[in-house]
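The values are calculated or read from the model by the stated rules, or taken from the named source; none is laboratory data. Everything quoted here is computed from the prediction, not taken from an experiment. As a convention, Cβ positions derive from the backbone with ideal geometry for all residues, glycine included, and neighbour counts pool all protein chains shown. To get the accessible areas, we keep the full protein, side chains included, count just its heavy atoms, and leave off ligands, DNA and RNA. Shrake-Rupley method; radii C 1.70, N 1.55, O 1.52, S 1.80 Å.
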Amino acid sequence: MNRRAELTVAVDVDAPAEVVWRAVTDWPGQRAWMLATRVEVLGDGDGRHRGARLRAVTGYGPLSFTDPMQILEWDPPRRCVVGHLGALVRGDGVFEVVPLRPGRSQLLWSERLELPMGAFGAVAWLLVRPLVRIGVRCSLARLARLCAAQAAAGGVRNG
């Protein structure tokens, strides 16, 4: 069984690429659009640089897990790759912002994961993948609405 999994979801956004980039890399601000996830920056600064360390907690109550991460690639306002370093989630998460035309862009969110627990993990991924895809789609729809509202208001809030 395959021990690697990939998932990519895209959303078009009625906002310039810079607005989308700023929103998606506002790590603590992700709570406003990413379902069931809180992210904090570890150490000083805003976490917007290569090598920055982050910690996400995803889920609810006892059904949550911690996802330590480090930024592996930082190419603003185009691409950010975070390495998932936890016991449960390992691999890379990629945010890519593509300008489409003035005032409109696309965000691609990809996860390239190393599945834990051998064959059990591979089978479990087959079962949870549709739910993960729905959660990512819902999160990206929320992000698109947030960015469109920010663009309509004339900018991006500082995060």
Pairwise FRET efficiency - residue 18 versus residue 65, Cβ, R0 = 35 Å, nearest 0.05
0.60
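Pop the C-beta distance of residue 101 and residue 149 into the FRET formula with R0 = 25 Å and round what comes out to the nearest 0.05.
On the way: r = 19 Å, r/R0 = 0.77.
E between residue 101 and residue 149, to the nearest 0.05, is 0.85.
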Which value, in Å² rounded to 10, gives the accessible area of residue 115 with a 1.4 Å probe and all protein chains present?
20 Å²
Choice from 14, 92, 44 with maximal GNM fluctuation in the chain (Cα, 10 Å cutoff):
44
Sequence-distant or interchain residues sharing an amide H contact under 5 Å with residue 35, placed H: which?
139
Positive-end residue, the stretch 1-87 charge dipole about Cα centroid, Cβ charges, pick of 19, 5, 52:
5
Percent of accessible area on the stretch 23-83 owned by carbon and sulfur, 1.4 Å probe?
52 percent
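Return the loop-located chymotrypsin sites (Phe, Trp or Tyr not before Pro) in the stretch 14-77 (DSSP other than H, G, I, E, B) with at most 16 other Cβ atoms within 10 Å of their own Cβ; answer none if there are none. Mind dumping the intermediate values first?
Numbers: sites: 21, 33, 60, 65, 74; in loops: 33.
Here no chymotrypsin sites (Phe, Trp or Tyr not before Pro) fit, given the DSSP loop and packing criteria.
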Within the stretch 97-159, list the trypsin sites (Lys or Arg not before Pro) lying in a DSSP loop whose Cβ has at most 14 other Cβ atoms in a 10 Å radius.
157
For the chain, the Rg and Dmax computed from alpha carbons only, in angstrom:
15.6, 50
Residue separation between residue 128 and residue 6 times 0.36 nm, minus their alpha-carbon distance, gives in nm 42.6 nm
Under the Karplus relation with 6.51, -1.76 and 1.60 and θ = phi - 60°, whole-Hz ³J(HN,Hα) for the stretch 56-70, x at Gly and Pro, equal 10, 10, 10, x, 10, x, x, 9, 10, 9, 9, 10, x, 9, 9
